[in-house]
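The values are calculated or read from the model by the stated rules, or taken from the named source; none is laboratory data. Please read these numbers as outputs of a predicted model, since none were measured by experiment. Neighbour counts run over all protein chains shown; Cβ positions are idealised from the backbone, glycine included. SASA here: full protein model, heavy atoms, side chains in, ligands and nucleic acids out. Shrake-Rupley method; radii C 1.70, N 1.55, O 1.52, S 1.80 Å.
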Amino acid sequence: MKKDLLSLLDLTPNDFEHLFKRAMVLKDRHKQGIYDSLLAGKTLGLIFDKKSTRTRIAFETAMIQMGGHPIYMSTQDTQISRNEPAKDTARVLSRYIDCLAMRTFDHALVEEFAASSTIPVINALTDSFHPCQILSDIMTVIEHKGSYKGVKIVWVGDGNNVANSWVNAAAVLGFDLILACPDGHGIKQEIIDAAGADRKDNIIFTNDPKDAVKNADVVYTDVWASMGEEDELEGRLAAFEGFQVNEDLLSLAKDDVLVLHCLPAHRGEEISEAVLEAKNAAFWDQAENKRHMHKAILESLIRK
Ligand code: CP
Ligand code: NVA
C-alpha cells in the first residue's frame, strides 16, 4: 500500500531513524560526488499554493540527482484554480506521476489529495504542519550535538506550523522540547490533543522565553506571522516583545547552543541580525540538509 507523509505522527521511531541514517549516507555520497540513479524514470509533481525557495528547490534537485524528474505546478496554472475538485485532480495525476509534494494553506486539502491518490503525497508545508522541515532539522541537531536524545530543544516564538511539527516529533521520539510562545499564540489545543502532548513529560509549554532557554542545547525560532498571516504582523508585534532570539536571550542558554531557523528569517523581528550572521551559524547547514533529507524521504516513499 502506498504511504503518505502528511504529518510526523504518520511516522514510527524506526521510520525517523531510517530517514536520519539514510539522509546522512546520501549526504556523504553527495560530498564524494557519487549519485545513484535510485529514482530513474520516476517523476515527482509539486503543487504549490504558497511561495517557496528551499523546499521547492531541495525537492527538485533531490529528484534530479537521483535520476528522476520534478514537475513544478503553481496551483494558478492548473485546473484546480478553476475549481476542478481535488479528488479528480488527484486521480488524474496518479496516472502520470509517481509522487506528489504539496504546499497548501488548508491541511485538509493535502489530506483530500492523499485520500484520492494512488501515489504517495508529501506535505511540503501547510498552515498546520511542516514535517519535512523538522526531519532535516533533527538531522542537523544530530550532526551538531551527536543525538537528539538528552538534548534540550527550545522553541521560542509563534505556535505555528513548524512548531506543531516539533510537537509531533517530540511526541513520537520522546526528546525534551520546551515551547515558549506568547499568550494567545501558543500551540492550539487540537494539535496538543492529537499528539497526546499534555500527557507527555518531555513536552513543556510556557510563555516565559527567558526561563525556557536556560541551559538550552538548541534554540529554534521562526517568523511571527506565517504565509497567509502577513496582515496580522503589525498587531502581533507587542505580543511578541521579549521573544526575539538575540544575544541577550542566548546568553542564558549553554555556551555551545545551536540556533536554528527554518528560514526565511525576518531580521530584527524573531531573530537579531547578529545571531543570524554569527560566524559559526548553522542556518546554512540546516537549509542544505533539506535536500539530503528530501532524497531520503522520496526514496522511502517512491521505491517502496
Ligand atoms: N524553510 C522553508 O520551507 O523554506 P521555503 O519556504 O523557502 O521552502
Ligand atoms: N511558518 C512559516 C514557515 C516558512 C518556511 C510559514 O508558514 O510561513
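Numbers for the structure displayed
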item: Counted residues, the stretch 143-162 - those being away from ligand 1 (no atom under 16 Å from the Cβ) and open to solvent by less than 30 Å² (accessible area, probe 1.4 Å); result: 6
item: Considering residues of the stretch 60-87 that are open to solvent by 50 Å² or more (accessible area, probe 1.4 Å) and among the charged types (D, E, K, R) only, the residue nearest to ARG29 (Cα to Cα); result: ASP77
item: Residues being part of a helix (DSSP H, G or I) and open to solvent by 60 Å² or more (accessible area, probe 1.4 Å) - total across the stretch 38-59; result: 3
item: Residue that is most open to solvent (accessible area, probe 1.4 Å), among those in the stretch 264-301 that are in a helix (DSSP H, G or I) and closer than 21 Å to GLU247 by Cβ; result: TRP284
item: Among the residues listed as SER136, SER165, SER116, SER128, the single one being hydroxyl-bearing (Ser, Thr, Tyr), touching a Lys or Arg at 6+ places or on another chain (Cβ under 8 Å) and within 16 Å of ligand 1 (Cβ to nearest atom); result: SER136
item: Selection status of PRO120, in contact (Cβ under 8 Å) with a residue 24 or more places away in the chain and over 25 Å from SER52 (Cα atoms); result: no
item: From the options THR221, THR206, residue that is within 16 Å of ligand 1 (Cβ to nearest atom), among the hydroxyl-bearing types (Ser, Thr, Tyr) and within 27 Å of PHE16 (Cβ to Cβ); result: THR221
item: Enumeration of residues in the stretch 227-263 that are part of a helix (DSSP H, G or I), within 16 Å of ligand 2 (Cβ to nearest atom) and either open to solvent by 40 Å² or more (accessible area, probe 1.4 Å) or at positive phi (or both); result: GLU230, ASP231, GLU232
item: Hits in the stretch 95-113 - residues which are within 22 Å of ILE57 (Cα to Cα), open to solvent by 10 Å² or more (accessible area, probe 1.4 Å) and either in contact with a Cys (Cβ under 6 Å, 6 or more places away or on another chain) or away from ligand 2 (no atom under 16 Å from the Cβ) (or both); result: TYR96, ILE97, ASP98
